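Notes follow once the structure below has been shown.
The values are calculated or read from the model by the stated rules, or taken from the named source; none is laboratory data. Just so it is clear, the structure is predicted and the values come from calculations on it, not from any experiment. Glycine also receives a Cβ, built like all others from the backbone with ideal geometry; neighbour counts cover every protein chain displayed. In case anyone asks, the SASA skips ligands and DNA or RNA and just uses the protein heavy atoms, side chains included. Shrake-Rupley method; radii C 1.70, N 1.55, O 1.52, S 1.80 Å.
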Amino acid sequence: MTGFKRPESVLVVVHARDGQVLMLRRRRPDDFWQSVTGSLDWGETPLQAACRELEEETGLPADGLKDHHHQVRFPIVPPWRSRYAPDAEDNLEHRFSLPLAAPVPIRLNPTEHLEFCWLPRAEAARLATSWSNARAILEVVPALPGA
């Protein structure tokens, strides 16, 4: 549609029954940790984008993907500002999660991420660079007794 990215994205929190959360380290900016994320393509629904990003970034199928029907709007941050039209100030993020029985091997997309790790819920939330990602982890992943 345009040469600019659509200011709408998905966040997919991948987590296991034991409270472990998948975290990915981006190539750029340096030391930016996150869950699965990505912008919606023009004409794409949030669900379609969540399925596509999950497969592209982890190699995982979207079986069991949960749409939380929750959105967060936040200002587009400087590292990504040039990707959007000059009048686009905010991004609308749609929240999804993928609950798994246990942590599984991940196939990273090396053009986007350098490494991944599985961390307990609280540690993953602390590691998340984005406040909306940290909040999503704490709201989506059940706290285990004694944790």
Percentage relative contact order, the chain, counting C-alpha pairs under 8 Å, at least six apart
36 percent
Counting only protein heavy atoms and a 1.4 Å probe, tell me what percentage of the range 1-104's accessible area is made up of carbon and sulfur.
53 percent
Using a 1.4 Å probe and counting only protein heavy atoms, arrange Glu139, Glu123, Glu112, Glu93 so the residue with the most accessible area comes first.
Glu139, Glu123, Glu112, Glu93
Less than 11 Å Cβ to Cβ from Leu60, Lys/Arg counted +1 and Asp/Glu -1: what total charge do the surrounding residues give?
-4
Accessible surface, the range 1-128, averaged per residue in Å² (probe 1.4 Å)
52 Å²
The rounded separation in angstrom of the Cα centers of the range 83-136 and the range 11-44 is 2 Å
Quick check on the chain: of the DSSP beta bridges with both residues there, what percent are antiparallel, nearest 5%?
70 percent
Roll a 1.4 Å probe over the protein heavy atoms and report the accessible area of Leu100 in Å², nearest 10.
40 Å²
Per-residue ellipticity at 222 nm for the chain, helices alone: DSSP H runs ≥ 4 residues times -39500 (n - 2.57), over residue total, nearest 500 deg cm²/dmol?
-6000 deg cm²/dmol
Output wanted: per-residue J couplings in Hz (rounded whole) for the range 83-91, from phi through Karplus 6.51 cos²θ - 1.76 cosθ + 1.60, θ = phi - 60°, x for Gly and Pro.
7, 10, 4, x, 8, 7, 9, 10, 10
Coordinate range along principal axes, alpha carbons of the chain, Å, largest first:
48, 29, 28
I'd like the trypsin sites (Lys or Arg not before Pro) in the range 99-147 restricted to DSSP loop residues with at most 13 other Cβ atoms within 10 Å, sorted by number.
Arg107
